[in-house]
1. Residue check: is Val128 over 30 Å from Arg48 (Cα atoms), modelled with pLDDT under 85, touching a strand residue (DSSP E or B) at 6+ places or on another chain (Cβ under 8 Å) and surrounded by 13 or more Cβ atoms within 10 Å (Cβ to Cβ)?
2. Right, Ile54: of a type in the set (Val, Ile, Thr) and out of contact with any Asp or Glu (no Cβ under 7 Å at 6 or more places or on another chain) or not?
3. Look through Leu11, Leu6 and report the one residue that is in contact with a strand residue (DSSP E or B) (Cβ under 8 Å, 6 or more places away or on another chain), under 13 Å from Tyr59 (Cα atoms), assigned to a strand (DSSP E or B) and modelled with pLDDT under 90.
4. Quick check: is even one residue across region 49-71 hydrophobic (A, V, I, L, M, F, W, C) and within 23 Å of Gly164 (Cα to Cα)?
5. Out of (1) at pLDDT below 90; (2) loosely packed, with under 13 Cβ neighbours inside 10 Å, the odd one out for Gln52 is which?
6. Can you find a residue in region 2-15 that is loosely packed, with under 12 Cβ neighbours inside 10 Å and on the phi > 0 side of the Ramachandran plot?
7. When the residues of region 131-144 are narrowed to those that are of a type in the set (Phe, Trp, Tyr) and closer than 16 Å to His77 by Cα, which ends up surrounded by the fewest Cβ atoms within 10 Å (Cβ to Cβ)?
8. Looking at region 70-96, which of its residues are assigned to a loop (DSSP other than H, G, I, E, B), modelled with pLDDT under 80 and surrounded by 12 or more Cβ atoms within 10 Å (Cβ to Cβ)?
Amino acid sequence: MADAWLGDFGLRVTNLERSIAFYRQFLDLEELRRDVDAQSGYVLMRDRRSGQRIEFNWYSETSPFAVEYSVGEGLDHLEIRVRSVPEMLERCRQLGIPIATKKLWNRERIARHFANDAELRGVMERDVWSNEPGHPHRFNAFYIQDPDGIFLCMYDHPDEPWEGPIPDHY
């Protein structure tokens, strides 16, 4: 398929710094981006040889995204860059693939957190997310699930070239 390619995959970890140190030492991964606060964080890293990217996701116990951690269940999501989110959204609908973005809010804790925040409340109602107008790296995204329930994030960067390296940002 020429209109989609693997962007990165996300691993849920219990200790962000420990995991970063392990993968950096073991695979010589290069850190591309980091965003961490008291409730959650992610670090995007890239393999220096293959270019494959991995996103490490950590959620504190107070984060609405926190769930009990079970070994082997750390795959958070796969990201697939598509040429056009609107076109891929239509393709998924034609193929009978349900849009799963709203399923992200099925856990009561997440739904309660977002419902109580006026700015975030609307996010729960949309199939497609977009960052704010004027953002230097504009994107659109939606989620589907594979047959085993793994979330696949379809995203685009409509203002950036399709050909070339994977952008190191969202």
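1. Values: over 30 Å from Arg48 (Cα atoms): yes; modelled with pLDDT under 85: no; touching a strand residue (DSSP E or B) at 6+ places or on another chain (Cβ under 8 Å): yes; surrounded by 13 or more Cβ atoms within 10 Å (Cβ to Cβ): yes.
Spelling it out, it is not the case that Val128 is over 30 Å from Arg48 (Cα atoms), modelled with pLDDT under 85, touching a strand residue (DSSP E or B) at 6+ places or on another chain (Cβ under 8 Å) and surrounded by 13 or more Cβ atoms within 10 Å (Cβ to Cβ).
2. On the way: of a type in the set (Val, Ile, Thr): yes; out of contact with any Asp or Glu (no Cβ under 7 Å at 6 or more places or on another chain): no.
For Ile54, the condition - of a type in the set (Val, Ile, Thr) and out of contact with any Asp or Glu (no Cβ under 7 Å at 6 or more places or on another chain) - is not met.
3. On the way: Leu6 fails: under 13 Å from Tyr59 (Cα atoms).
After ruling out the rest, the residue left standing is Leu11.
4. yes
5. (2)
6. Restricting attention to region 2-15, the residues satisfying the condition of being loosely packed, with under 12 Cβ neighbours inside 10 Å are 2, 14-15.
Right, trim to on the phi > 0 side of the Ramachandran plot and you get none.
For region 2-15, residues loosely packed, with under 12 Cβ neighbours inside 10 Å and on the phi > 0 side of the Ramachandran plot: absent.
7. Taking region 131-144 and keeping what is of a type in the set (Phe, Trp, Tyr), we get 139, 142-143.
Pick out the ones that are also closer than 16 Å to His77 by Cα and you get 142-143.
Details: Phe142: 23, Tyr143: 20.
Per the stated criteria, the residue is Tyr143.
8. Filtering region 70-96 for residues assigned to a loop (DSSP other than H, G, I, E, B) gives 70-74, 83-84, 95-96.
Right, trim to modelled with pLDDT under 80 and you get 70-74.
Result: Gly74, single match.
The values are calculated or read from the model by the stated rules, or taken from the named source; none is laboratory data. Nothing here was measured: the structure is a model prediction, and the numbers come from that model. For neighbour counting, all protein chains shown are included, and Cβ atoms are generated from backbone atoms with ideal geometry for every residue, glycine included.
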